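Asks: My questions all concern the structure below.
The values are calculated or read from the model by the stated rules, or taken from the named source; none is laboratory data. Predicted model only: the values in this text are computed from it and were never measured. So basically every Cβ, Gly included, is an ideal-geometry build from the backbone, and we count neighbours across all protein chains shown. What goes into the accessible areas is simple: the full protein's heavy atoms, side chains included, and nothing from ligands, DNA or RNA. Shrake-Rupley method; radii C 1.70, N 1.55, O 1.52, S 1.80 Å.
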Amino acid sequence: MSMNFKNMKKMIAAISALALSAALLTACSGNDNNEETSAPSETPAVSDETDTSESETAAEDESEAADTDVVDDVLDDADDPGETDGGENADPNPLQPLADAALSVGEWPSLWEVTDPQILSDFFLLDETNENYRNMIVFQCPMSATMTEVIIIEAEDVESDKSDLEARRQKAIDQDSSSPNDVDLANASIVGTEGNYAYFILAGNAAEAETALVEAIKAL
């Protein structure tokens, strides 16, 4: 009986020792797992992402600021009258009053002033860079159904300008007339001179317009 009690004490001691060993092993294993889990490998990645996001945000802000500056510059240029070509700030053609005098008699279709150098050269046979031309004004009806033109040139050599306008008149007769009525109007058109001015009038009331124009020139 005494022997059995001693054996039981040994067995209890052995079991306690085994339990203590198991607890120590578990604690060590837990520490190892915590060390692996708490490794700082993820921290730099988060930092890099934050830095990248901040850089992208800064770049977007700079881009928006640059776009705003460009828009402001464009608006400033548009508001600056010194940068505007044509329109209300353009110098009026000095021959406009003479053209108005010719157009003041009779009935006229809607006329547009022609200023494009290529059209003046190709269609009207007039070179705006001609040094003999002091000033020139050209009006034409934009509708081909109504052939109407008024051209006035202030010149150094009026006879030379008259020759240029006669060439324009001949082209109107030979090439630009698209109907029998146009042919009649072109044939009845007038090329003339008064003082330092040469003129070409192609209209249904060309004679009356010429009279008004000559009177306006004499009144200068």
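Asks: In debye, nearest 20: dipole of the stretch 113-182 around its Cα centre with unit charges on the Cβ of K, R (+) and D, E (-)?
Replies: Details: 5 positive and 17 negative charges, 59 e Å.
Approximately 280 debye in magnitude.
Asks: Between Glu166 and Ala145, with labels modelled 7 Å along Cα→Cβ, what's the label distance in nm to one decimal, could you check?
Replies: 3.6 nm
Asks: Taking amide hydrogens as modeled 1.01 Å from N in the peptide plane, which residues meet the under 5 Å criterion relative to Asn135, leaving out close sequence neighbours?
Replies: It is Glu154, by chain and number.
Asks: Considering only C-alpha atoms, what is the centroid distance from the stretch 98-130 to the stretch 136-192, in Å?
Replies: 9 Å
Asks: With each label point set 7 Å from Cα along the Cα-Cβ vector, what nm distance links Asp184 and Asp100?
Replies: With each label point 7 Å from Cα toward Cβ, the separation is 3.3 nm.
Asks: Now for a separate question. How do Glu149, Glu107 rank by accessible surface area computed with a 1.4 Å probe, from largest to smallest?
Replies: Numbers: Glu149 0, Glu107 170 Å².
Ranked list, largest accessible area first: Glu107, Glu149.
Asks: Just read off the accessible area of Val183 with the full protein assembly in place, 1.4 Å probe, to the nearest 10 Å².
Replies: 50 Å²
Asks: Taking the Cα centre of the stretch 103-220 as the origin, how large is its charge dipole in debye, to the nearest 20, when only Lys and Arg (+1) and Asp and Glu (-1) carry charge on their Cβ atoms?
Replies: On the way: 6 positive and 23 negative charges, 47 e Å.
With Lys and Arg at +1 and Asp and Glu at -1, about 220 debye.
Asks: Taking θ as phi - 60°, what are the ³J(HN,Hα) couplings along the stretch 104-111 by the Karplus curve (6.51, -1.76, 1.60), each to the nearest whole Hz, with x for Gly and Pro?
Replies: Result, ordered by residue: 7, 10, x, 10, 10, x, 5, 10 Hz.
Asks: Going by a ≥ b ≥ c, the root eigenvalues of the Cα gyration tensor, does the stretch 89-188 fall in the rounded group (a/c under 1.5), the prolate group (a/b larger than b/c) or the oblate group?
Replies: On the way: a/c = 1.67, a/b = 1.25, b/c = 1.34.
Oblate, since a/c reaches 1.5 and b/c is not below a/b.
Asks: Related question: Any chance you could run the full-extension gain for Ala219 through Ser110? It's 0.36 nm times the residue separation minus the Cα-Cα distance, nm to one decimal. Walk me through the intermediate numbers first.
Replies: Working: separation 109, 0.36 × 109 = 39.24 nm, distance 2.66 nm.
Between Ala219 and Ser110, full extension yields an extra 36.6 nm.
Asks: Let me check something: with ligands and nucleic acids excluded, how do Leu103, Leu98 order by accessible area (1.4 Å probe), largest to smallest? Intermediate results must be reported in sequence, preceding the final value.
Replies: Working: Leu103 50, Leu98 10 Å².
Result of the area sort, largest leading: Leu103, Leu98.
Asks: Follow-up question, since we're still on this one. What shape does the stretch 159-220 have by the C-alpha gyration tensor, where a ≥ b ≥ c are the square roots of the eigenvalues, rounded means a/c under 1.5, and otherwise prolate means a/b greater than b/c and oblate the rest?
Replies: Numbers: a/c = 4.35, a/b = 1.58, b/c = 2.75.
Judged from the Cα gyration tensor, the stretch 159-220 comes out oblate (a/c at least 1.5, b/c at or above a/b).
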